[in-house]
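To start, the structure under review is shown below, and the notes come after it.
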Amino acid sequence: MTGGFTLGQRIGSLTVTQVTRHGLAERVRCDCGTDLSTRLEHTFLAPPEKVGHFHAPWLLAAEKGHLRYDLGQYKIHALPNNAIDALWRGLLVDASPGPVLTELGAHMLAHWKEREAVRLAGKDSTAHLAAAGPPPFTDDRAAWIREHAWPAAMRRTYGDTPGIYTGCPCQSGPSTWCETGRHDRCGRGEPLRSVATYICSRGGDHPATFREPYAHKTDCSATVPQHTNLAQVWLADRVCRWICPCDCHTAPAGPQQLDLFATAP
């Protein structure tokens, strides 16, 4: 299904300002007043209302020139599903050796960076309220650990998509379905737990595996429960989890029949 966009159509924070005779959106205007050239072909894969955790790491990787096609690791599209979704939504465009940001993708990523800066500034302003505890974990200490303790594979991943290691699942925000108004498709009303990391094999390039084939139960998959053979590491003192905070997951209270026995003797 291609085309279908109309002049003046609203797509989240965007307004379509130019379409082809086949209904492809060639130009949009952001609510911030910026006009952008684009090429939106699929009405059912319109741009997200705003960039969130689903797309941001891959847009950042494309911005740095680190996003690469890899048929060995991603055998269907040669890219992770999240990056392919961003490409289909007009945020990335095919290039060699990997996708690059479109004008629309760069603009929406800039808005995401602004929101992140505000969020982090708000966290810093409340730091003095933290209870007394260990000394603060400084950037210098974190850099030393990455340099001397992390395996090479983790350092490469951190260089491309640092959010995988610096973000907590509870900060992930709404699902992409809810962000794009498809609340009926979102299945993340229930918490989804997240492992802290994996034990790596010698050399650090691959997760270590147990000898037993898929005998260890895990509930960190979106299609729980499952069994895994990967050596997962869990935090001992707390559970990290993602739950979509959208209001659509809050079911209204059912009616109560309070006068059922009002006329009873």
#### Entry: Hydrodynamic radius by Kirkwood, which averages 1/r over all alpha carbon pairs of the stretch 170-247, in angstrom
14.3
### Message
Could you order the peptides 23-31, 137-145, 66-74 from most to least packed, using the average number of other C-beta atoms within 10 Å per residue?
### Response
23-31, 66-74, 137-145
## Note on the structure
Quick note on 176, 218, ordering by fewest other C-beta atoms within 10 Å, gives 218, 176
### Task
Take the alpha carbon atoms of the stretch 44-84, find their radius of gyration, then divide it by 2.2 N^0.38 Å using N residues; give the quotient.
1.24
### Task
Please sort 47-53, 77-83 by packing, taking for each peptide the average over its residues of neighbouring beta carbons within 10 angstrom, highest first.
47-53, 77-83
### Query
Across bins of 5 angstrom width beginning at 0, how are the C-alpha pair distances of the stretch 10-107 distributed, in whole percent?
3, 14, 24, 23, 18, 11, 5, 2, 0
### Query
How far apart, in nm, are two points set 7 Å out from the Cα along the Cα-to-Cβ line at residue 157 and at residue 218?
1.1
### Message
Test of understanding: what is the full-extension gain from residue 193 to residue 234, defined as 0.36 nm times their sequence separation minus their Cα-Cα distance?
### Response
13.8 nm
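Just so you know, all these numbers are worked out from the coordinates, no wet-lab data involved. Just so we're clear, the structure is a prediction, and the values are computed from it rather than from any experiment. In this analysis, Cβ positions are derived from the backbone assuming ideal geometry, glycine residues included, and neighbour counts consider all displayed protein chains.
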